[in-house]
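Asks: Quick one: the structure is below, and I'll ask about it shortly.
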Amino acid sequence: MEKTLRVLGGEEDGSGHSHSHSHGDRPATSKASGTEHSVSQNGLRSRKSEKVDEIIASEPGTTSNGPSKLSAYLNLFGDFVHNITDGLAMAASFYASPLIGATTTLACFAHEIPHEIADYSILIRSGFTKQQAMRSQFLTAIGAFVGYLF
C-alpha cells in the first residue's frame, strides 16, 4: 500500500525500491559498518563516529520517515467518511429511541477524542501547520453532520 502511495504521489525514484543508497562500487575496507570506536570524555566508547552521522544527515534526497502529504490527505478522506458513518449511526439510534440516541452519541464522542488526536498528530508529522491541521480536522468533523442529515 505504501509503495502504491509513493508511486501515485510521484515519490518513486525508479530504482525499484524506496530506501536511499548508492549502488556504485565502493572501495573495500576491512572494517565492518558501525564498528568504528571513539572514546568520549567519560571513557565510554561509541560505535559510530559523528562524521558518519553528519554525512547521513546532509545526504541530498533523504526523506523523513514520517507520513507523506498524500497519506495525510487519504487520512482526511477516511476520517470524513468515518464521521459520516458516525452521523448515520447517531441519527438511526435517535430514530429508535432518545435514550439509545444519547447513549450512541456519548459512545461516538468518547471514541472520537483519541481518534482525532491521532489524526491531528499524523497531519502535523506530514508537514501541516497546527492551524492547517485544526482546520482540516474541523472540516472532516462536518462529515458527522452530513451523515446525521441523511
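The values are calculated or read from the model by the stated rules, or taken from the named source; none is laboratory data. Predicted model, so just to flag it, every value in this text is computed and none were measured. Side chains are part of the model used for accessible areas, which takes the heavy atoms of the whole protein and leaves out ligands, DNA and RNA. Shrake-Rupley method; radii C 1.70, N 1.55, O 1.52, S 1.80 Å.
Asks: With a 1.4 Å probe and all protein chains in place, put F80, F109 in order of accessible area, largest first.
Replies: Numbers: F80 65, F109 135 Å².
Greatest to least solvent exposure: F109, F80.
Asks: Also, I was wondering about something else. Strictly greater than 18 Å: what percent of every Cα pair in the range 73-150 meets that? Kindly include the intermediate steps, with their values, before the conclusion.
Replies: Details: 1228 of 3003 pairs.
Considering the range 73-150, 41 percent of its Cα-Cα pairs are separated by more than 18 Å.
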